[in-house]
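This report concerns only the one structure given below.
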Amino acid sequence: MGISFFVTYKVKQKPQIISINPPIGAPGDLVIIRGKDFGESKNTNYVEFGGSKLTASSYISWSDTEIKLVLPANIQDGLVFVGTKDARSKPVFFANATSVPVAVMENPLSTIPTIHTLIPNKTSASTPKIGELLTIHGVNFGNTREKSRILFTTNRETPNINDQNSYSSTQEDNFSFISANEDDFDYEYWSDSEIRVRIPDGASIGDIYIETAKGNSAKTSLYLDERIGSKKYLDPKTYVIQVKVDIEDSSSDKNSTIILRCPRPYITPSQPFIEITECEPEPVIDNFQHTVIHQTSLERSHSNKKNFYQNFAITVYETATTIDPLKIGNYAKTSDALLEVALNSDDCIPSDDEDVVELAKKIIGKGKNPDTNAKAIYNYMLDNFVILQEIRTGNISPIDLIRTKKGDAYDFAITYTALLRAAGIPAIPNSGIIIDPELKTQNHWWTEFFIHGFGWVPVDVALAAGLDYVPWVKELDTRNYYFGNLDGQHIVFSRGWNDIKPGPQNNKTVHRPRSYALQSIWEEASGKVIKYSSYWADPIVIGVY
């Protein structure tokens with residue numbers, strides 16, 4: 001008969017630290033170490049801090065899962081172990097609070113930007129004008145501009161902020177000051193001690209200051225040469241505008257996506273406040289190349305509709321200008337970058353077309369004054385062309401207007417802009433919507449031309465030509481008003497041609513001609529998209545203040 005022996009033994013467990021609280025402490029602090037397999041009592045067990053075992057007087061209590069102790073005066077940074085007679089735990093780190101380096105607080109007085117001098121200024125040989133370079137010397141501007149701005153006083157009425165829930169009191173400067181404009185290439189050089197910036201459209205005599213992440217400089221007086229004329233921004237209104245697009249009836253492989261580039265309204269001197277108040281779904285990027293970007297993945301077969309929308313709160317002013325043509329000079333001191341964009345032909349403005357060039361010469365003759373020539377082209381169009389009330393469709397050129405003598409609002413704005421450029425006058429088309437007194441919207445286009453020393457001058461040839469639109473002001477002399485002035489019912493979604501570059505070469509892109517934004521791409525599909533349907537609703541007003 002065999003005999004079996006059963007031997008039992010207890011496995012030696014290695015102590016394990018789960019947490020140490022606090023992980024940073026000072027002499028005299030209570031520290032609690034939690035874990036398991038510490039042993040039911042201290043006996044010969046120990047805790048080691050930074051290579052030194054604690055003395056018996058440091059321990060308050062000891063159990064298999066918790067150790068309480070008081071840090072001694074000689075506590076060191078380093079690794080913490082729990083040890084028993086059989087094994088030692090894996091370490092955790094502890095830091096002595098008295099040895100932790102403390103960041104030195106910056107003195108705000110030594111980091112905020114400070115302006116020392118402005119060149120030119122009132123005491124210089126020449127007083128600066130709109131569009132000319134201003135050199136700012138000082139300290140703490142930052143080595144790169146990043147999101148820093150230069151702000152100038154503007155002649156703009158301030159809304160009653162207390163009555164408008166969409167504003168905070170800190171936003172008042174949004175209305176009494178304007179920033180130099182990246183779209184007009186105003187920023188030319190930025191260093192920690194010197195900035196070169198062009199005085200922006202809409203600036204007026206008053207103060208200037210620098211805004212950086214470290215704070216704002218004190219305001220410094222700036223005197224401008226305003227002999228050419230003045231510009232005022234009056235009667236502000238705030239609209240809530242909804243932009244919406246739907247996607248449905250899609251069919252694709254599993255890796256296909258559609259990117260939507262929803263136009264975002266521009267910030268301009270007459271349209272200084274833009275805020276997205278609601279957006280569904282959350283966009284990928286809320287402001288890239290003046291668009292809100294949504295992206296959606298398509299399933300192999302998808303019949304449910306996908307909705308995308310964003311609501312914008314937009315404050316808009318009436319623009320009123322007064323110009324003395326006799327005080328206007330040439331463009332010798334205007335930004336080369338601005339002239340290149342606003343004078344050359346592009347995919348939107350065919351200013352080098354032979355018919356355009358010939359007609360511009362015919363109208364202006366040997367005239368040199370930009371304001372006088374712009375007015376002559378304006379009057380010629382009103383006297384010789386007929387406005388069509390319906391927007392034309394199909395693959396048609398806007399400068400057919402020159403040959404047929406008839407065209408829609410888009411044709412009028414694009415042809416007028418092309419004629420101005422052909423005449424050597426910097427000009428850009430604006431695209432957006434106009435709002436009638438019943439808050440109905442319609443897509444619309446108008447023009448701005450640039451006068452050095454004054455800024456951009458708004459012109460709406462289509463409304464002056466008799467486009468079917470009810471202005472908010474009754475008995476308005478549209479012909480005289482819409483050359484140099486613009487009501488507060490124009491909302492601009494694009495200034496000039498927004499040439500958006502596509503992604504990978506095999507992506508399919510969609511362009512929407514004669515819409516409320518002048519941009520090259522509205523939709524971009526990647527992967528093997530077999531089909532889908534999209535519906536872009538025209539912007540609507542859902543509120544006004």
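The values are calculated or read from the model by the stated rules, or taken from the named source; none is laboratory data. Predicted, not measured: the structure shown is a model, and the values here were computed from it. All Cβ positions, even for glycine, are placed from backbone atoms using ideal geometry, and neighbour counts span all protein chains on display. Accessible surface areas use protein heavy atoms only, side chains included; no ligands, DNA or RNA. Shrake-Rupley method; radii C 1.70, N 1.55, O 1.52, S 1.80 Å.
For the chain, with all protein chains present and a 1.4 Å probe, just round the carbon and sulfur fraction of the accessible area to a whole percent.
Looking at the chain in its full context, I get 49 percent from C and S.
Quote the relative contact order of the chain in percent (integer), defining contacts as alpha-carbon pairs under 8 Å separated by 6+ residues.
On the way: 1250 pairs, mean separation 71.3, N = 545.
Worked out over the chain, it gives 13 percent.
Can you work out the accessible area per residue across the stretch 327-433, with the rest of the protein chains kept in place, probe 1.4 Å, in square angstrom?
Heavy-atom SASA per residue in the stretch 327-433 reads 46 Å².
Which order, highest average first, do 488-499, 465-476 follow once you tally other Cβ atoms within 10 Å for each residue and take the mean per peptide?
488-499, 465-476
From the C-alpha coordinates alone, can you work out the Kirkwood hydrodynamic radius of the stretch 287-446, in Å?
Evaluated over the stretch 287-446, this radius sits at 18.7 Å.
May I ask you to derive the relative contact order of the stretch 368-426, considering only C-alpha pairs under 8 Å and at least 6 residues apart, and to give it as an integer percent?
On the way: 50 pairs, mean separation 21.6, N = 59.
Across the stretch 368-426, relative contact order equals 37 percent.
Cα axis of helix 409-422 to longest principal axis of the chain: angle in degrees, 0 to 90, nearest 10?
Helix 409-422 sits at roughly 80 degrees to that axis.
Taking θ as phi - 60°, what are the ³J(HN,Hα) couplings along the stretch 282-295 by the Karplus curve (6.51, -1.76, 1.60), each to the nearest whole Hz, with x for Gly and Pro?
4, x, 5, 9, 8, 7, 9, 6, 6, 9, 9, 9, 10, 9
With a 10 Å radius around each residue's Cβ, average the other Cβ atoms per peptide and rank 341-347, 391-397, highest first.
341-347, 391-397
Can you run phi through the Karplus equation (6.51, -1.76, 1.60; θ = phi - 60°) for the stretch 365-371 and list ³J(HN,Hα) in whole Hz, with x for Gly and Pro?
Computed from phi, the couplings for the stretch 365-371 are x, 9, x, 10, 7, x, 5 Hz.
Suppose only helical runs count, i.e. DSSP H with n ≥ 4. What mean residue ellipticity at 222 nm does that imply for the chain under -39500 (n - 2.57) per run, divided by all residues and rounded to the nearest 500 deg cm²/dmol? Show your work: numbers first, answer last.
Numbers: 9 runs with 69 residues, N = 545.
Calculated at 222 nm, the ellipticity per residue is -3500 deg cm²/dmol.
For the stretch 110-116, just list the computed ³J(HN,Hα) in residue order, Karplus coefficients 6.51, -1.76 and 1.60, θ = phi - 60°, integers in Hz, with x standing in for Gly and Pro.
For the stretch 110-116, the Karplus-derived couplings read 9, 10, 6, x, 9, 8, 9 Hz, x marking Gly and Pro.
For a quick check: with amide H placed at 1.01 Å from N, whose amide H comes under 5 Å from E275's, ignoring anything fewer than 5 positions away on the same chain?
Under 5 Å from the amide H of E275: A313.
Cross-link list K375/K440; K406/K508; K14/K42; K405/K501: which exceed 23 angstrom alpha carbon to alpha carbon?
Where the Cα-Cα span goes over 23 Å, the pairs concerned are K375/K440; K406/K508; K405/K501.
If one takes the longest principal axis of the Cα atoms in the chain, at what angle in degrees, from 0 to 90 and to the nearest 10, does the Cα axis of helix 354-364 lie?
Roughly 60 degrees, rounded to the nearest 10.
Quick check for me: using +1 on Lys/Arg Cβ and -1 on Asp/Glu Cβ, what's the dipole size of the stretch 20-67 about its Cα centre, in debye to the nearest 20? The partial results should precede the final answer.
Working: 4 positive and 6 negative charges, 16 e Å.
Dipole size: approximately 80 debye.
For the chain, what is the per residue volume of the convex hull drawn over the alpha-carbon atoms, in cubic angstrom?
In the chain, the Cα hull volume divided by residue count equals 259 Å³.
For the stretch 175-312, build the convex hull from the C-alpha positions and give me its volume per residue in Å³.
172 Å³
To check my understanding: the extent here is largest minus smallest coordinate of the Cα atoms along each principal axis. What are those three numbers for the stretch 257-324, in Å, largest first?
Here the Cα extents, ordered largest to smallest, are 64, 21, 18 Å.
Suppose every K and R has +1 on its Cβ and every D and E has -1 on its Cβ; what is the size of the dipole of the stretch 281-390 about the Cα centre, in Debye to the nearest 20?
Here the size comes out at about 220 debye.
Rolling a 1.4 Å sphere over the protein heavy atoms, what is the accessible area per residue of the stretch 186-283, to the nearest Å²?
With all protein chains present, the stretch 186-283 gives 40 Å² per residue.
To the nearest 20 debye, what charge dipole does the stretch 455-540 have about its Cα centre, counting +1 at the Cβ of each Lys and Arg and -1 at the Cβ of each Asp and Glu?
The dipole magnitude comes to about 520 debye.
Which order do the peptides 510-519, 282-291 come out in when sorted by mean C-beta neighbours inside 10 angstrom, highest first?
Packing order, densest peptide first, comes out as 510-519, 282-291.
Starting from the Cα of K129, draw a straight line to each of the lysines and keep only those under 17 Å, dropping any in the same chain fewer than 8 residues away.
Partners within reach: K231, K232, K327, K333.
By a straight-distance test (C-alpha under 15 Å), which aspartates and glutamates pair with K147 as possible cross-link partners, with residues fewer than eight away in the same chain excluded?
E182, D183, D186, E188, D192, E211
From the gyration tensor of the Cα coordinates in the stretch 464-545, what semi-axes in whole Å does the equivalent ellipsoid have, largest first, with each one equal to sqrt(5λ)?
Working from the Cα gyration tensor, I get semi-axes of 37, 15, 11 Å.
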